[in-house]
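Colleague: Pasting a structure below so you can have a look.
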């Protein structure tokens, strides 16, 4: 059941679930996961902070040109 929160700004919907309700629903869903599914979804403690490495386009173009030329210049 979704709690109706009072004393909220006009633009906030009153039928939005609370963080506690969201957490409880997630726990209910995750309780149905098999160990294999849980392992597949696990991202570890540092997963939220990971970003792909930055590569400069110039370095990429130079590497391609070197490869086409048969080695480093």
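The numbers here are math on the coordinates, done by the rules we state, and not lab data. A quick note: this is a predicted structure, and the numbers were derived from the prediction, not measured.
Colleague: Residue separation times 0.36 nm, minus the C-alpha to C-alpha distance between residue 67 and residue 26: what's the value?
Modeller: Working: separation 41, 0.36 × 41 = 14.76 nm, distance 4.93 nm.
Separation in residues times 0.36 nm, less the Cα-Cα distance, equals 9.8 nm.
Colleague: On a full-extension model of 0.36 nm per residue, what is the gain between residue 40 and residue 55, subtracting their alpha-carbon distance, rounded to one decimal in nm? The partial results should precede the final answer.
Modeller: Working: separation 15, 0.36 × 15 = 5.40 nm, distance 2.85 nm.
Extra length from residue 40 to residue 55 when fully extended: 2.6 nm.
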